[in-house]
1. Which number in (1) within 20 Å of residue 258 (Cα to Cα); (2) open to solvent by 20 Å² or more (accessible area, probe 1.4 Å); (3) in contact with a Ser or Thr (Cβ under 9 Å, 6 or more places away or on another chain) marks the one condition that residue 154 misses?
2. Taking region 134-144, which residues are out of contact with any helix residue (DSSP H, G or I) (no Cβ under 6 Å at 6 or more places or on another chain), of a type outside the set (Val, Ile, Thr), outside any loop (DSSP other than H, G, I, E, B) and open to solvent by less than 30 Å² (accessible area, probe 1.4 Å)?
3. For region 150-244, which strands (runs of 3 or more DSSP E) that fit wholly inside it have 1 or more residues that are free of Cβ contacts under 8 Å to residues at least 12 places away in the same chain, farther than 21 Å from residue 16 by Cα and of a type in the set (Phe, Trp, Tyr)?
4. Counting only residues that are without any contact (Cβ under 8 Å) to a residue 40 or more places away in the chain and of a type in the set (Gly, Ala, Ser), how many does region 12-41 have?
5. Is it true that residue 131 is in contact with a strand residue (DSSP E or B) (Cβ under 9 Å, 6 or more places away or on another chain), open to solvent by 40 Å² or more (accessible area, probe 1.4 Å) and within 29 Å of residue 171 (Cβ to Cβ)?
6. Would you mention how many residues in region 195-233 are touching a strand residue (DSSP E or B) at 6+ places or on another chain (Cβ under 8 Å) and either among the small types (Gly, Ala, Ser) or over 19 Å from residue 248 (Cα atoms) (or both)?
7. For residue 26, are the conditions met, namely being small (Gly, Ala, Ser), open to solvent by 20 Å² or more (accessible area, probe 1.4 Å) and within 19 Å of residue 151 (Cα to Cα)?
8. Looking at residue 256, is it open to solvent by less than 80 Å² (accessible area, probe 1.4 Å), out of contact with any Lys or Arg (no Cβ under 7 Å at 6 or more places or on another chain), in contact (Cβ under 8 Å) with a residue 60 or more places away in the chain and of a type in the set (Phe, Trp, Tyr)?
Amino acid sequence: MGSITNLLEDALLDHILENTAYTPSATLYMSLHTADPTESGSVAAEIVGNGYARTAIAFSAAATRQAIQNGQVTFPQVITAPWGTVTHFGIHTASTGSGNMIGYGAFDNSIVTEVGNVPFVPDLETVISINTGGASNYLANILIDFAFRNQAFAQPGIWVAMATATITDASTGSTITEPGGNYARVDFGTWNAASGGQSDNGADITFPTPDTDWSTVTYSALLDAATLGNLLIYATATPNQAPKIGDPVKIPTGDYIVTMD
């Protein structure tokens, strides 16, 4: 099982939050490693020399928050000396160089290399996934297809919402429960550049003033439309609050923190 790197987390957050648009690569390449690249995307333990080269990899359409390797990945023949025991892989946007790893993970079974071997990773072996909780199923699948299959995903508009009932990964813009009493989602596009898989609001997010008491707000969410639309990201509201008639409803600058993992 594999995950996305910090580099891709930041790039996708900026894309979602109307900062710098991300341009995915049309071709991705698998690398082989003798140690964990980690979220940092380190190439320190990538195989070097003796015939080794990164090799193109493709993925099937995302479903259930993951994409699965589509087709066997066959590496060049090992020459001159063994490559060592391969334990991990990386997924890159380029066939050479560093700083472009977007995914990584561990193999279920290590690959022991010897001179004359032609190492390969069998079909269906590599899986890239986005953790449950925080990102909707809709967003998780579309981001994986965008980054790992070069499928279109235009930067969405962002509306900030509040909810008075539980939101789940399967929720949509039409199923979340929002307050009444002059409530409306807020069209908001002022987000700080992502760093370390995290961004926050660069200005206050101010909601309309309640004209009747609201029920207790327990969740907040980001959606791509003023009404209905697609749920993108959600979290529990901390602390829970129940705004009254005439209360100002505002999320101060820096208090709405969006993360990706």
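1. Unmet condition: (3).
2. Hits for region 134-144 are 135, 139, 140.
3. none
4. So the answer is 1.
5. So residue 131 fits the description; yes.
6. 17
7. Answer is yes for this residue.
8. So residue 256 fits the description; yes.
The values are calculated or read from the model by the stated rules, or taken from the named source; none is laboratory data. Note that the structure is predicted; figures quoted are calculated from it, not measured. Neighbour counts are summed over all protein chains in view; Cβ atoms, including those assigned to glycine, are modelled from backbone coordinates with ideal geometry. Only protein heavy atoms, including side chains, enter the accessible area calculation; ligands, DNA and RNA are left aside. Shrake-Rupley method; radii C 1.70, N 1.55, O 1.52, S 1.80 Å.
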